Amino acid sequence: RKRHLATLVSKSRHKRDLSESGYMAFSKRVLKWRLIGEGYSSQLSIEEQRYIFRLAFRMWSEVSPLEFVEDTRSPLEDVDIRLGFGTGRHLGCNQRFDGTGQEFAHAWFLGDIHFDDDEHFTAPNSGSGISLLKVAVHEIGHVLGLPHIYRAGSIMQPSYLPQESGFEMDWTDRKAIQHLYGGCKGRFNTAFDWIRKEKTPYGEVVIRFNTYFMRDDSYWLYDNRNNRTRYGDPVALQTGWRGIPMDGVDAHVHVWSRKRDAVYFFKGAQFWRYDNENDQVFRKDPEGHRYPRFISEGFPGVFSPIDTAFYDRRDSCIYFFKNTLVYAFDVEANRLARGFPKNIRDVFPSVVSGDHPDGNIDAAYFSYTHNAIFLLKGTRFWQVVGSRDRWRRPFLPRNGLLPHKEVDQHWFDICNVHPTALKL
Amino acid sequence: EKLFHNRDHSDVLNSHQAEVITDKYTAELFLSRYGFIKPVNWEEIQFEDSDSSFNDDFLDDLQDTLQEGTSVHRSRDAPQDGDHDDHSGLTESQAFILALKEFQTMSGLPATGVFDEATKVAMNKPRCGVPDKEIDPDSGALDAENSSSDTFNETESNNTTSDYSLGSAESFKDDIFNVNDTESILISNDTSMNYTDLFDPILNNTSLNSSHDVNSQSVNISARQSVAVRR
């Protein structure tokens with residue numbers, strides 16, 4: 001029996017054949033992990049070890065469609081990824097550790113990750129020793145199916161690179177993991193560019209914007225210049241947008257004209273006005289309105305709840321989308337524009353027959369980066385024909401919808417994390 | 001162990017020191033451990049010291065039953081000539097040189113095949129215990145980088161008349177400093193979106209910045225290190 005067990009163990013625990021360029025190690029999207037009780041490190045507190053692993057899993061979750069949850073209760077065989085520390089011969093593993101220096105950890109085919117506790121592992125950004133966070137991210141990459149990657153900046157390089165502050169997942173690793181598990185897809189509640197005036201050190205008033213995507217109780221700041229979300233996102237809504245409904249909104253509208261500069265959030269039958277200066281919703285705005293207010297009161301003729309909305313500066317109208325209808329609300333006249341509501345297809349006709357979202361739009365977004373309006377629905381988006389498009393191609397219909405594309409091929413790495421990992 | 005040791009344990013021999021790679025033998029062990037010397041169906045079975053007797057007869061049995069062409073490598077014995085499978089007729093030293101060159105290439109060193117000082121240093125660096133594998137540059141994994149990175153180009157205002165480009169500087173959100181996430185708005189008054197007159201109130205007290213006026217002190221602080229920054 002013992003002989004066969006030895007053979008069995010050595011075969012079943014064979015290190016993964018790394019000749020491929022990686023492979024999808026898991027078919028499910030939510031994976032359980034645990035720091036095993038017999039494998040605690042003697043160098044960091046247990047809470048520190050678990051926090052670092054929670055952060056390491058979250059970093060993979062931020063750039064892939066996988067989600068990770070710490071599971072300290074299920075039977076061990078139900079846990080997908082088991083982490084533990086040991087020295088020399090350890091944890092039933094047939095690859096002994098070599099002591100301080102050289103090999104600091106390894107990962108096994110069946111989801112076991114072992115750390116050599118003879119190494120001097122330290123917490124993130126501590127400047128000395130071996131960053132447990134970097135090593136954990138590397139080994140988790142192996143368990144997910146990634147081989148070593150020989151590109152500067154990749155966390156999957158075999159040799160350890162001394163700690164640099166603010167270690168993050170670079171483009172190579174993001175694309176490598178998405179090559180295995182696909183991109184991050186999903187519907188958004190709203191997307192918008194948040195605009196505000198800032199004073200430069202020289203006292204000039206300049207205008208800035210940042211792009212945000214919101215989904216349920218989370219949001220991402222999207223860094224257009226680097227084609228990715230902000231490191232560390234998503235963040236819980238109430239962390240960054242104080243006073244709006246914590247479980248998500250239906251729409252964001254920024255009315256910006258000669259006389260007005262007002263940001264509104266809509267949810268259900270109500271809406272809030274946002275105080276950019278103090279980064280929270282108004283309780284009472286400068287015009288004396290108290291919030292939340294009813295949509296029917298603030299925008300007579302518009303029926304709630306709405307699917308989404310956006311403000312079009314070309315005609316000073318807010319376009320409210322509800323099912324297959326669109327309501328153009330004239331802000332100056334404070335009433336519905338003549339002839340509205342209309343069918344969405346009549347106001348935003350498809351350029352290619354049949355390629356149209358029909359109704360139930362998730363988000364209507366005017367992007368300063370692209371100087372264009374986008375209608376998002378599910379995992380797709382349609383770009384609205386702009387004046388410049390029509391100048392080049394006059395045959396295009398006004399406000400026509402260009403053929404759809406995939407959201408995750410235009411805005412990258414907008415990935416969920418497990419609800420338990422939203423607030424580390 | 002000694003009954004009393006120095007206060008700072010400096011005299012306690014740290015038995016757990018990884019064996020430094022200093023010569024061809026230890027280098028060969030390293031190369032075979034991390035997949036540079038390719039064993040053919042090499043089973044690495046390690047047994048406890050205590051039951052060495054068990055090892056011998058078990059290995060003999062195993063050896064008898066295994067098919068021709070595989071070899072059982074005892075992890076601690078010095079590899080005998082017969083222990084290594086020939087790489088397609090290469091002598092062992094040729095196989096070693098080949099493997100050394102591959103390691104040097106992957107480590108960004110000149111592929112000399114000579115076990116020189118730089119190679120020694122590279123082998124003694126802290127590293128992951130999973131065998132090495134270079135990702136094939138032709139694999140799809142890395143192609144996406146080229147395709148998606150040219151999907152975007154910064155908003156170009158190709159209109160030469162009075163473009164308003166609104167400079168970029170620190171952007172604050174949720175009291176977290178995100179300088180590198182700031183975009184500046186290039187809004188030209190061409191026919192595209194007819195904004196010409198919309199910005200007068202802002203223009204009155206907004207200085208015109210060159211469209212390349214980017215705040216150069218971009219500080220790469222992410223949401224992870226939330227920095228409580230008051231306005």
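Conditions (1) part of a loop (DSSP other than H, G, I, E, B); (2) out of contact with any helix residue (DSSP H, G or I) (no Cβ under 6 Å at 6 or more places or on another chain); (3) within 8 Å of another protein chain (Cβ to nearest Cβ); (4) at pLDDT 95 or above, marked per residue:
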| position | (1), (2), (3), (4) |
| --- | --- |
| A:E77 | no, yes, no, no |
| A:F85 | no, no, no, yes |
| A:G92 | yes, yes, no, no |
| A:D98 | yes, yes, yes, no |
| A:L110 | yes, yes, no, no |
| A:F115 | no, yes, no, yes |
- Query: So A:Y264 fits all but one of (1) more than 14 Å from chain B (Cβ to nearest Cβ); (2) touching an Asp or Glu at 6+ places or on another chain (Cβ under 8 Å); what number is the exception?
  - Reply: (2)
- Has the stretch A:170-184 got at least one residue that is touching a His at 6+ places or on another chain (Cβ under 6 Å), of a type in the set (F, W, Y) and touching a residue at least 40 places away in the same chain (Cβ under 8 Å)? no
- Message: Can you find a residue that is closer than 22 Å to A:E62 by Cα and among the polar types (S, T, N, Q) anywhere in the stretch A:193-206?
- Response: no
- Message: Which of the numbered conditions does A:Y327 fail, given that it passes all the others? Conditions: (1) in contact with a strand residue (DSSP E or B) (Cβ under 7 Å, 6 or more places away or on another chain); (2) assigned to a loop (DSSP other than H, G, I, E, B).
- Response: (2)
- Scan of the stretch A:30-44 for residues that are of a type in the set (D, E, K, R) and in contact with a helix residue (DSSP H, G or I) (Cβ under 8 Å, 6 or more places away or on another chain), ordered by number: A:K32, A:R34
- Task: Name every residue in the stretch A:371-397 that is assigned to a loop (DSSP other than H, G, I, E, B), more than 13 Å from chain B (Cβ to nearest Cβ) and farther than 30 Å from A:G232 by Cβ, in order of residue number.
- Result: A:R393, A:F395, A:L396, A:P397
- Task: Out of A:G359, A:G339, report the one residue that is of a type outside the set (A, V, I, L, M, F, W, C), out of contact with any Pro (no Cβ under 9 Å at 6 or more places or on another chain), part of a loop (DSSP other than H, G, I, E, B) and without any contact (Cβ under 8 Å) to a residue 12 or more places away in the chain.
- Result: A:G339
- Query: Taking A:Q157, is it modelled with pLDDT under 95, touching a Phe, Trp or Tyr at 6+ places or on another chain (Cβ under 9 Å) and polar (S, T, N, Q)?
  - Reply: yes
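Table: residues versus (1) more than 20 Å from A:F209 (Cα to Cα); (2) more than 27 Å from the chain's Cα centre (by Cα); (3) hydroxyl-bearing (S, T, Y).
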| residue | (1), (2), (3) |
| --- | --- |
| A:G248 | yes, no, no |
| A:K267 | yes, no, no |
| A:E277 | no, no, no |
| A:R290 | yes, yes, no |
| A:F294 | yes, yes, no |
- Query: Within the stretch A:316-331, can one find any residue that is within 21 Å of A:R398 (Cβ to Cβ) and polar (S, T, N, Q)?
  - Reply: yes
- Filter the stretch A:99-154 down to residues that are of a type in the set (S, T, Y) and out of contact with any Phe, Trp or Tyr (no Cβ under 8 Å at 6 or more places or on another chain) and give me whichever is farthest from B:K125 (Cα to Cα). A:S126
- How many of the residues making up the stretch A:179-193 are crowded, with 21+ Cβ neighbours inside 10 Å and either at the interface with another protein chain (Cβ under 7 Å from one of its Cβ atoms) or among the charged types (D, E, K, R) (or both)? 1
- Task: State which residue is modelled with the highest pLDDT when the search covers only the stretch A:120-139 and only residues that are in a loop (DSSP other than H, G, I, E, B), within 11 Å of another protein chain (Cβ to nearest Cβ) and under 19 Å from A:R58 (Cβ atoms).
- Result: A:P124
- Task: Confirm whether A:L66 is under 23 Å from the mean Cα position of the chain (by Cα) and at the interface with chain B (Cβ under 9 Å from one of its Cβ atoms).
- Result: no
- Task: Tally the residues that are facing chain B (nearest Cβ under 7 Å), of a type outside the set (V, I, T) and more than 19 Å from A:W241 (Cβ to Cβ), restricting the search to the stretch A:194-210.
- Result: 1
- Message: Every residue in the stretch A:374-398 that is buried (at least 17 other Cβ atoms within 10 Å of the Cβ), under 30 Å from A:G186 (Cα atoms) and out of contact with any Asp or Glu (no Cβ under 9 Å at 6 or more places or on another chain), please.
- Response: A:F374, A:V384, A:V385, A:G386, A:D389
- Message: Only one of A:F115, A:F85, A:F121, A:F68 is in contact with a Ser or Thr (Cβ under 8 Å, 6 or more places away or on another chain), without any contact (Cβ under 8 Å) to a residue 60 or more places away in the chain and crowded, with 17+ Cβ neighbours inside 10 Å. Can you tell me which?
- Response: A:F85
- Note on the structure: The residue that is nearest to A:A105 (Cα to Cα), considering only those in the stretch A:140-156 that are crowded, with 22+ Cβ neighbours inside 10 Å and either polar (S, T, N, Q) or within 7 Å of chain B (Cβ to nearest Cβ) (or both), is A:H142
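The values are calculated or read from the model by the stated rules, or taken from the named source; none is laboratory data. Nothing here was measured: the structure is a model prediction, and the numbers come from that model. Using ideal geometry, Cβ is built from the backbone for each residue, glycine included, and neighbour counts are taken over all protein chains shown.
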